[in-house]
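Chemist: Handing you this structure, nothing more for now.
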Amino acid sequence: MKEPLVKKKKILLIGGEGQLGSDLKGVLGNYELIVPSRAELDISYFDQAKNFINNILPDVIINTAAFHQPEECEKDPQKSFLINTLAIKNLAEISKEKNIPLVHISTDYVFGLDENRSTPYTEEDLPGPVNIYGISKLSGEYCIQYTTSKFFIIRTSALFGVAGCRAKGGSNFVEMMLKLAREKGEARVKNDEWISPTYTKELAQNIAKLIETDYYGLYHITNQGECSWYEFAQKIFELTNIQVKCLGVPSSEFPSPIKRPRYSVLDNKHLREKGLDTMSHWEIALKNYLKEKGYINF
């Protein structure tokens, strides 16, 4: 007698072509994945989003899409709030109506107002963004929290993944540093901004575990430890054994129309309390990324 077929859970993955989306596709093989293009599903249009979701009725919605270029957000606040806030409100309302858990990716840029901060932020800390990008992302979080109860809001930081960031032409910080080393033999890197570098492959694996639970709520998920961008660059060159002049310089050497957080390191407190924090130290994660890319073999 044949065993009855078990129907796979269905996941709608929005933003599946980005760094994190690409790795989520790799770890969610036990699900039926629907990964629409922006042309097929633009969540900033409520009726289009509602009709699309009604037609497929997923068991989970994962949204990784965002307008996440801080300088461009500052130039075009309307677009920033359309994509990072209004579109998220649309998803939250549809998720609530259809009783579908919503997974939404947010950012460490919801912090930064406390310029004297030197300890990692937990989920209980009061947000204080310092630019339009951070404000619009925080507004999106609030839209979810007041609309529905079945949500996983995941704040993360300084992503690097094999697929690269589409907004950066398929690049990321690691690749930019390696390119600078090859082409110029020198890299000048900020030494006064601290972050939690995060490998999207590990982040995707942790999200896959989290959505198997009903531990709804707000989570920080980054690799362990912290560093400045300069220390991050130093470790990239050390592991790849590239001889390059790496100079730590103040952020004032890189004039920008926007303010950025000086310290936005996140603590995975809620994940740790649930016994689900499998994120490695950022140095180990970086080494694994470099191995996966074929830059090192040890």
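Each value in this text was obtained by applying a stated rule to the coordinates, not by laboratory testing. Keep in mind that what you see is a predicted model, and the values were worked out from it rather than measured. Positions of Cβ are backbone-derived with ideal geometry, glycine not excepted, and every protein chain shown enters the neighbour counts.
Chemist: May I ask which residue of TYR263, THR156, SER44 lies farthest towards the positive end of the charge dipole of the chain, with charges of +1 (Lys, Arg) and -1 (Asp, Glu) on Cβ and the Cα centre as origin?
Modeler: Going by the charge dipole, the pick is SER44.
Chemist: Can you tell which of LEU290, PHE81, PHE67 lies farthest toward the positive end of the dipole of the chain, using +1 and -1 charges on the Cβ of basic and acidic side chains (Lys, Arg; Asp, Glu)?
Modeler: LEU290
Chemist: Related question: Quick check: Cα centre of the range 51-88 to Cα centre of the range 92-141, how many Å?
Modeler: After rounding, the separation between the Cα centres reads 14 Å.
Chemist: Also, I was wondering about something else. Relative contact order for the range 196-247 using alpha-carbon pairs under 8 Å, separation at least 6, rounded to a whole percent? Could you put the intermediate results ahead of the total?
Modeler: On the way: 23 pairs, mean separation 22.6, N = 52.
After rounding, I find 43 percent.
Chemist: Can you check what the Kirkwood hydrodynamic radius comes to for the range 12-136, Cα pairs only, in Å to one decimal? Before the final figure, lay out the partial values.
Modeler: Numbers: mean 1/r = 0.0634 Å⁻¹.
Taking the inverse mean of 1/r over all distinct Cα pairs, the range 12-136 comes out at 15.8 Å.
Chemist: Could you work out how far helix 173-184 tilts from the main Cα principal axis of the chain, as a 0 to 90 degree angle to the nearest 10?
Modeler: Orientation of helix 173-184: about 40 degrees from the principal axis.
Chemist: Using a ≥ b ≥ c from the Cα gyration tensor of the range 139-228 (square roots of the eigenvalues), is it rounded, prolate or oblate, where a/c under 1.5 gives rounded and otherwise the larger of a/b and b/c decides, a/b for prolate?
Modeler: Values: a/c = 2.48, a/b = 2.24, b/c = 1.11.
It comes out prolate by the Cα gyration axes.
Chemist: Each label point is 7 Å from the Cα along the Cα-to-Cβ direction; what then is the distance between the points at LYS8 and PHE46, in nm?
Modeler: 3.4 nm
Chemist: Would you pull out the residues with amide H under 5 Å of CYS227's amide H, same chain only if 5 or more places away, H placed 1.01 Å from N?
Modeler: Sorted by chain and number, the residues that satisfy this are ILE195.
Chemist: For the chain, what is the percent of antiparallel DSSP beta bridges, rounded to the nearest 5? Walk me through the numbers on the way to the answer.
Modeler: Values: 3 of 33 bridges.
Antiparallel bridges make up about 10 percent of those DSSP assigns within the chain.
Chemist: Could you give the distance between the Cα centres of the range 14-42 and the range 203-234, to the whole Å?
Modeler: With the range 14-42 and the range 203-234 each reduced to a Cα centre, they are spaced 19 Å.
Chemist: Can you give the relative contact order of the chain as a percent, counting alpha carbon pairs under 8 Å and 6+ residues apart? Numbers along the way, then the final one.
Modeler: Details: 562 pairs, mean separation 60.0, N = 298.
Relative contact order, the chain: 20 percent.
Chemist: So for each of 22-28, 146-152 I average, over its residues, the number of other beta carbons within 10 Å; can you give me the resulting order with the highest mean first? Walk me through the numbers before you get to the answer.
Modeler: On the way: 22-28: 20.6, 146-152: 17.0.
Descending packing order for the listed peptides: 22-28, 146-152.
Chemist: Roughly what angle does helix 229-240 make with the longest principal axis of the chain, taking Cα atoms, 0 to 90 degrees, to the nearest 10?
Modeler: Taking Cα atoms only, the helix is inclined about 80 degrees.
Chemist: Which aspartates and glutamates have a Cα lying under 14 Å from the Cα of LYS89, excluding residues fewer than 8 positions away in the same chain?
Modeler: List returned: ASP42, ASP47, GLU97, GLU141.
Chemist: Just order 75-85, 253-263 by mean Cβ neighbour count inside 10 Å, highest at the front, would you? Each step should come with its number before you reach the end.
Modeler: On the way: 75-85: 17.6, 253-263: 14.8.
The peptides rank, most packed first, as 75-85, 253-263.
Chemist: Counting only residues 5 or more places away or on other chains, whose amide H sits under 5 Å from the amide H of ALA187 once H atoms are built in the peptide plane?
Modeler: Distant-sequence amide H within range of ALA187: LYS245, CYS246, LEU247.
Chemist: Size of the dipole of the chain about the Cα centre, Lys and Arg at +1 and Asp and Glu at -1 on the beta carbon, nothing else charged, in debye to 20? Display every interim value, and only then the final one.
Modeler: Values: 37 positive and 38 negative charges, 138 e Å.
Dipole about the Cα centre, nearest 20: 660 debye.
Chemist: Quick check on my link table: of LYS137/LYS269; LYS50/LYS150; LYS25/LYS235; LYS235/LYS274; LYS8/LYS50, which ones sit more than 27 Å apart, alpha carbon to alpha carbon? Can you show the working numbers first?
Modeler: Working: LYS137/LYS269 21 Å; LYS50/LYS150 17 Å; LYS25/LYS235 29 Å; LYS235/LYS274 31 Å; LYS8/LYS50 22 Å.
Beyond 27 Å between Cα atoms: LYS25/LYS235; LYS235/LYS274.
Chemist: Please give every one of the aspartates and glutamates within straight-line cross-link reach of LYS10, meaning a C-alpha to C-alpha distance under 12 Å, and leave out same-chain neighbours fewer than 8 residues apart.
Modeler: Partners found: GLU32, ASP59.
Chemist: Within the range 139-271, what percent of beta bridges assigned by DSSP are antiparallel, to the nearest 5? List each step's numbers first, then the result.
Modeler: On the way: 3 of 15 bridges.
Around 20 percent antiparallel, to the nearest 5.
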